[in-house]
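A quick write-up on the structure given underneath.
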Amino acid sequence: MNKMNAIDIAVYQKEKKGNYSCGDSYYYYQDDDFFLCALADGLGSGDMARDSSQAVMNVIKADPLLATSEIIKLSNQALIGKRGVVLGILKLDLRSLEYTYASIGNIGLMTITSEGIKKRNIPMSGYLGVYPRQTKEIRGKFKKSMLFVLFSDGVMPKDLTHSLFQKQSSVEITDAFAEQMDQNREDDTTLIVIKFK
């Protein structure tokens, strides 16, 4: 298998009702050995929230292979004078088939195996932008056809239905999610679906 083609990713994003910009930002990176996806939700909504979440994505874009602890340190510096953010960072090691998920705040992660077994990360409280924070990290193994679903708090538990994840590709899942979405949602919404093929 060509590792560069091993990841199937699709994103649904929608700003809060009445806003022109979404306060959520995301970034993903892949090389032969690693895949990284990060999602940040700026506190509040609108342009100021977007400015904060984008500042964190800029830190990660500058060096996506940094250790999570260094990303957190540099992100706190980048947020001086801005609103805070909640953040989730998923890293897949394509050599060892191990994943790490580091988070601060309520960015959710759900994993779904090819057999349909779901695991959902329990978010921790807090946010970046005030003082140095410890991240919550979980680790695990992954294998073919496993889904990773990253989402901001605009995604409700009732949105993550069993039938949604029976679709065959990440694009089909995000398209189906978009069809069922209430367009008058009271929060910025981002759903990122990653499939290891």
- Message: For segment 127-158: of the residues being of a type in the set (S, T, N, Q) and on the phi < 0 side of the Ramachandran plot, which is farthest from the chain's Cα centre (by Cα)?
- Response: Gln134
- Conditions (1) at pLDDT 95 or above; (2) surrounded by 23 or more Cβ atoms within 10 Å (Cβ to Cβ) -> Ala62 fails only (2)
- Message: Can you list residue pairs whose Cβ atoms sit under 7 Å apart, with the first residue in segment 159-177 being under 15 Å from Lys195 (Cα atoms) and the second being at pLDDT below 90 and part of a loop (DSSP other than H, G, I, E, B)? Count only pairs 6 or more apart in sequence or on different chains.
- Response: Ile173/Lys167
- Quick check: anything in segment 54-75 part of a helix (DSSP H, G or I), within 24 Å of Arg185 (Cα to Cα) and over 13 Å from the mean Cα position of the chain (by Cα)? yes
- Are there any pairs, at least 6 apart or on different chains, whose C-beta atoms fall under 6 Å, with the first in segment 101-130 and farther than 25 Å from Lys82 by Cβ and the second at pLDDT below 95 and assigned to a loop (DSSP other than H, G, I, E, B), and if so, which? Thr113/Met146; Ser114/Ser145
- Query: When the residues of segment 144-180 are filtered to those that are touching a Phe, Trp or Tyr at 6+ places or on another chain (Cβ under 9 Å) and surrounded by fewer than 17 Cβ atoms within 10 Å (Cβ to Cβ), which remaining residue is nearest to Gly88 (Cα to Cα)?
  - Reply: Asp159
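Residue-wise test of (1) among the β-branched types (Val, Ile, Thr); (2) assigned to a strand (DSSP E or B); (3) in contact with a helix residue (DSSP H, G or I) (Cβ under 7 Å, 6 or more places away or on another chain); (4) over 21 Å from Val59 (Cβ atoms).
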| residue | (1), (2), (3), (4) |
| --- | --- |
| Pro132 | no, no, yes, no |
| Leu150 | no, yes, no, no |
| Ala176 | no, no, yes, yes |
| Asp182 | no, no, no, yes |
| Arg185 | no, no, no, yes |
- Task: For Gly18, indicate whether it is without any contact (Cβ under 8 Å) to a residue 24 or more places away in the chain and over 26 Å from Lys143 (Cα atoms).
- Result: yes
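The values are calculated or read from the model by the stated rules, or taken from the named source; none is laboratory data. Since we're looking at a predicted model, the values are computed, not measured. When we count neighbours, we look across all protein chains shown, and the Cβ atoms used for this are built from the backbone with ideal geometry, even at glycine.
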